[in-house]
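Undergrad: One structure, as C-alpha cells, below. Some questions next.
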Amino acid sequence: MSARFYDPDALRFDRPTFPFRMAPDGYATRRQLRADGLRPGGQEAIQIMWFSNRRRRTGQPPTIRVAYLYRIDRAKPVRPMTPGRAAALAAAMLARRTCPNCRTDAGYCIPPTLGTCVPCAYPDEQRTA
C-alpha cells in the first residue's frame with residue numbers, strides 16, 4: 001500500500017485521505033449508498049487515492065485516481081419521486097427519443113453522434129432494405 005496517500009488528519013490534502021483498501025469501516029461510495037436507498041445528505045467526504053496503471057500499455061505514466069466516501073450512519077434516505085419530478089423525467093426522455101428531422105418518437109434514445117433517428121441519418125440504406 002502507498003503510504004504517500006495516508007493522511008487521516010488532512011494535513012497534506014484538503015480532506016482526510018487513505019490509500020486504496022485502507023479506508024476505515026462505516027464508509028461507502030455514492031453508488032453503494034444508493035444501492036441501500038441512501039444519499040450523502042450534504043456531509044463532508046473522505047477520499048481514497050491510488051495510482052491507476054491502465055495506461056501502462058500506451059507508455060503513459062500512471063495517473064492518480066480518487067474516490068469519495070461518505071459515512072453510512074450520517075446518510076439520509078433517498079427523496080421519493082414526486083409526480084412533478086416523474087413528469088419532468090418523462091418529458092426529458094421523450095425529447096431524447098424524438099427525431100428533430102421527422103418529429104417522430106424513434107422508440108430509443110437518439111445517438112448524439114447521428115443527431116437524428118437512423119432512418120433519417122441513412123435514408124439510402126433504408127430504401128434498399
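Undergrad: May I ask you to list the residues in the range 92-113 that are of a type outside the set (Ser, Thr, Tyr) and open to solvent by less than 60 Å² (accessible area, probe 1.4 Å)?
TA: Ala92, Cys99, Cys102, Ala106, Cys109, Ile110, Pro111
Undergrad: Moving on. Among (1) under 30 Å from Ala45 (Cβ atoms); (2) open to solvent by 60 Å² or more (accessible area, probe 1.4 Å), which single condition is Val78 missing?
TA: Every listed condition holds for Val78 apart from (2).
Undergrad: Hey, Leu89 hits all of (1) in a helix (DSSP H, G or I); (2) more than 30 Å from Asp36 (Cα to Cα) but one; which does it fall short on?
TA: That leaves (2) as the condition not met.
Undergrad: Scan the range 57-71 for residues that are closer than 16 Å to Asp7 by Cβ and either open to solvent by less than 70 Å² (accessible area, probe 1.4 Å) or in contact (Cβ under 8 Å) with a residue 60 or more places away in the chain (or both) and report the count.
TA: So the count comes out to 3.
Undergrad: Ok, one more. Is it true that some residue in the range 10-22 is surrounded by 10 or more Cβ atoms within 10 Å (Cβ to Cβ) and closer than 28 Å to Cys109 by Cβ?
TA: No, because not a single residue in the range 10-22 is surrounded by 10 or more Cβ atoms within 10 Å (Cβ to Cβ) and closer than 28 Å to Cys109 by Cβ.
Undergrad: For residues in the range 23-56 being over 22 Å from Val78 (Cα atoms) and assigned to a helix (DSSP H, G or I), which is least open to solvent (accessible area, probe 1.4 Å)?
TA: Arg55
The values are calculated or read from the model by the stated rules, or taken from the named source; none is laboratory data. What you are looking at is a predicted structure, and each value in this text was computed from that prediction instead of being measured. Neighbour counts are summed over all protein chains in view; Cβ atoms, including those assigned to glycine, are modelled from backbone coordinates with ideal geometry. Protein only, heavy atoms only, side chains kept; ligands, DNA and RNA dropped before computing areas. Shrake-Rupley method; radii C 1.70, N 1.55, O 1.52, S 1.80 Å.
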